[in-house]
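Just below is one structure, and these are the notes that go with it.
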Amino acid sequence: MPLITRRLAPVIIGVGVLASAYLIWNWKVANRPGLRHLNAGLDYFAAQQLPAAEQEWKLGIQEDPQFWQCYQQLGDLKMLNKQYLDAEQLYRKASTLSPQEGMLFLKLAGAEQAQGHDEDAYRDTKKAAQLSPNDVDVIGSYGMMEISRSNYSAGLPALKSAHTLKPDDARYLKALAKAAIELGNGATVQPQLIDYLTRHPTDGEIALLLAVIYSRKPRTSENVQLALKYANQALPTMAGDERVYTVRGQILLDTNKVREATLIYQTGTQHLPKSQAVWRGLVESYGRLGDRPRQTAAATQLDVLTKRQQLLEHWRTKQTLAPNDLDVGLRLAQLEAEAGNLNRCQLLLDRLTVQFPDNPRVAAESARLHSKY
């Protein structure tokens, strides 16, 4: 055998062994019971056959208990069905089997947060960010979590990074803008908002954020015109947001266009009859017009709403201090519904259903509130 051939022989044999090993490994992966059931479940899910998808993923867990993807998919399905405790347990098992997957800890945090376990959700969101610092959605979610806790020093860099990596995802830009406005630095995100709105002119929330930023600037003619322009641009899709009325109303009051402001606030009370901010603006407008009877009537309604809000805050505090008290939870759900906070009400009822799965009072109150509101 030629010398060069003899020298290459070990290399060729080694490559052959590696290729053979890769093919064997690839064959084993492709034939894993978990993978087969995962894919079958995904096919059923795509066809909207959810019970069949659930059965496939359960079989995958049963036949291949170390295959974490079936736990994750089943957890996603449980979240879809608002079975948050089941979802939490499945995500926890998946994250145990694959502890380097940051997205699994983010999903786990979502299930925990849905049950009101905010500290656990914060811990796992933070862990997800540590594990997956290059995953845009993980970093963006972590940033929003930190901002919700007023941890701006940690949240703002994360949101900036997420927005830079995914500039067309409005979630991160909106969260960044809201945080900047809260800190009094709205102008720092103004160029990004304008750029995004130019490319997505029907995004009412972006337009409204710009309106808020300009409304907080000095009342120059240009700032007033731009604030009103963006507020009007937001109106078609944001009529249910009180800022559409309060931003325009306050600017008109500040520029002595009191009758126009009054019309804005009157329209606002028709769309949002439980908004204290809108009623407060209407009280001021009637006062500036010298219309005492209407001002008194509006002030009376504002007083009713203010006392309702104070009662609501009182019961929210009680629920925070006694999260396992069924009576407190049901009373708070009722008050949230009466105040028009239907999303808060639904989330609270979902949590109570998880906490007290066999208690008929939860189901009865849920049915009553759904029928009424």
Name the lysines eligible as straight-distance cross-link partners of K229: C-alpha to C-alpha under 23 Å, and not fewer than 8 places from it in the same chain. K174, K178, K217, K257
Neighbour-count ranking [beta-carbon atoms within 10 angstrom, fewest first] of H117, H271: H271, H117
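How do W315, W68, W57 line up, fewest other C-beta atoms within 10 Å first? Kindly include the intermediate steps, with their values, before the conclusion.
Working: W315 17, W68 22, W57 27.
With the fewest neighbours first, W315, W68, W57 line up as W315, W68, W57.
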If you rank I194, I147, I213, I181 by fewest surrounding Cβ atoms within 10 Å, what's the result? I194, I181, I147, I213
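Using the Cα centre of the range 66-131 as the reference point, and only Cβ charges (+1 on K/R, -1 on D/E), how large is the resulting charge dipole? Debye, rounded to the nearest 20. Walk me through the intermediate numbers first.
On the way: 8 positive and 9 negative charges, 27 e Å.
Once rounded to the nearest 20, the dipole reads 120 debye.
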How much length, in nm to one decimal, is gained on full extension between K307 and D120, taken as 0.36 nm per residue of separation minus their Cα-Cα distance? 64.0 nm
What is the calculated FRET efficiency for S153 to Q225, with r their C-beta to C-beta distance and R₀ = 30 Å, to the nearest 0.05? 0.25
In range of the label at H314: residues from the range 325-347 whose backbone nitrogen is under 16 Å from the point 7 Å along Cα→Cβ: 328-329, 331-336, 339
Which of T267, Y91, L226 sits closest to the plus end of the dipole of the chain, meaning its Cα is farthest towards the positive end, when Lys and Arg get +1 and Asp and Glu get -1 on the C-beta? L226
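For the range 66-218, calculate the relative contact order in percent as a whole number, restricting contacts to Cα pairs under 8 Å that are 6 or more residues apart. If you can, show how the numbers build up before the last one.
Numbers: 184 pairs, mean separation 18.3, N = 153.
It rounds to 12 percent for the range 66-218.
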Please identify which residues in the range 180-221 have an amide N closer than 20 Å to a label point set 7 Å out from the Cα of D168, following the Cα→Cβ vector. 192-207
Span-rule helices in the chain, defined as complete DSSP H runs reaching 24 Å or more along the axis (Cα) with Kyte mean at least 0.0: 3-30
Students often get this wrong, so check it: of K78/K127; K107/K127; K58/K78; K58/K93, which have C-alpha atoms separated by over 20 Å? K78/K127
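Coordinate-derived values only; no laboratory data. Here the structure is a predicted model, which is why all the values come from computation and not from measurement. Here the Cβ is made from the backbone with ideal geometry for all residues, glycine too, and neighbour counts use every protein chain on show.
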